[in-house]
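The values are calculated or read from the model by the stated rules, or taken from the named source; none is laboratory data. Everything numeric in this text was worked out from a predicted model, so none of it was measured. Note that we place each Cβ from the backbone using ideal geometry, even for glycine, and neighbour counts take in every protein chain shown. Heavy atoms of the whole protein, side chains included, go into the accessibility calculation; ligands, DNA and RNA do not. Shrake-Rupley method; radii C 1.70, N 1.55, O 1.52, S 1.80 Å.
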Amino acid sequence: MEVYVSLGIIILGGLVTASLQLPLGTLLLLYHASLGKNIRAKTKKLASSFISGSTLMNFLLLGTTLFLVFVLSPEGVLPDIFHTILFGLLVALGIIAWFFYYRRKGSTELWLPRHLARYIDSRAKSTDNLSEAFSLGLLVPLSEILFTLPILFLSADAILRLDVLYQAIGLVIFAVFGTLPLLILRFFIRRGRNVAEVQRWRLKNKNFFRFYTGAGFIVLAAFILTFVILKGVA
């Protein structure tokens, strides 16, 4: 697997992870609850702590997957059959994202089990110190592990095929790309955008995000099929 293919998988994986809406929606809830208490200076710190926790968890999840791939695979990389399995999972997740990622029309409510959704909602609304915001940031990426697990394994496999220096760069790229929407939201909020305006924008563009998320999985699957599976057969 050439360097550009490995880097392409890592970047695409990070972008698809970034398209998932739970971290962004949770950060919006945190902003809304905190700003409603008129503690704007503290809100910036809470948001930064949440983003740090989310970035760290993305980093840890990929690092753990790297360890699993390295230990469980005889050559430290995934056998070819696993690429075919992951290809099928990515296609299935793309279809699921199109039809089931959002629970109902006219809402940005996500697929999560109701008890987990209520827990995250209550945690976001009650968070008022940095450690709570950080732990909430850690929790959110774990809550969407069903969607990110195939991406993590593909990205880990791609990283292990790189030289050591590029492996570290690839790990950082994935972690940062996965958190990019949170950084963009913080930028706009700090520039004076209203939280309600951002939420209305999310609701208005929900179908676009639905399409983008599903298409991201399909594009990543097509990338794997073209540059890994078929190339290995040829």
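Numbers at a glance
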| quantity | calculated |
| --- | --- |
| Long pairs among 45/105; 42/125; 45/204; 44/125, criterion Cα-Cα beyond 25 Å | 45/105; 45/204 |
| Cα-derived Rg to Rh of the chain, Kirkwood definition | 0.99 |
| FRET efficiency for residue 44 and residue 68, using Cβ-Cβ distance with R0 set to 25 Å, rounded to 0.05 | 0.10 |
| Bins of 5 Å from zero: percent of alpha-carbon pairs in segment 52-97 | 5, 19, 14, 18, 23, 16, 5, 0 |
| Whole-Hz ³J(HN,Hα) from phi, Karplus 6.51 cos²θ - 1.76 cosθ + 1.60, for segment 102-113, glycine and proline x | 9, 6, 7, 6, x, 8, 9, 5, 9, 6, 3, x |
| Sites residue 201 and residue 129, calculated FRET efficiency, Cβ-Cβ separation with R0 45 Å, nearest 0.05 | 0.95 |
| Cα long-axis angle, helix 206-224 against the chain (0 to 90 degrees, to the nearest 10) | 20 |
| Inter-part distance where segment 70-123 and segment 185-211 are each reduced to a Cα centre, Å | 23 |
| Taking the chain and dividing mean pair separation by its residue count, relative contact order in percent (alpha carbons under 8 Å, at least six apart) | 46 |
| Residue with peak Gaussian network fluctuation, the chain [Cα springs, cutoff 10 Å], from 120, 81, 159 | 81 |
| Degrees, to the nearest 10: 40-72 long Cα axis against longest axis of the chain | 20 |
| Low-density loop cleavage sites - trypsin sites (Lys or Arg not before Pro) in segment 99-186, where at most 13 other Cβ are within 10 Å (DSSP) | 103, 104, 105 |
| Nearest-ten-degree value, helix 180-190 long axis tilted from longest Cα axis of the chain | 20 |
| Of 192, 94, 137, the one that fluctuates the most in a GNM where the chain has Cα springs shorter than 10 Å | 192 |
| Residue among 176, 69, 164 with the largest mean-square fluctuation in a Gaussian network model of the chain, springs linking Cα atoms under 10 Å | 164 |
| Of all accessible heavy-atom area on the chain, the percent that carbon and sulfur account for (1.4 Å) | 69 |
| Cα Rg, Dmax (largest Cα-Cα span) when computed across segment 64-154, Å | 17.0, 49 |
| Gain on full stretching of the segment that runs from residue 168 to residue 187 - 0.36 nm per residue minus C-alpha separation | 4.2 nm |
| Reciprocal of mean inverse Cα separation for segment 98-234 (Kirkwood radius, Å) | 17.8 |
| Residues of segment 146-234: accessible area per residue with a 1.4 Å probe, Å² | 54 |
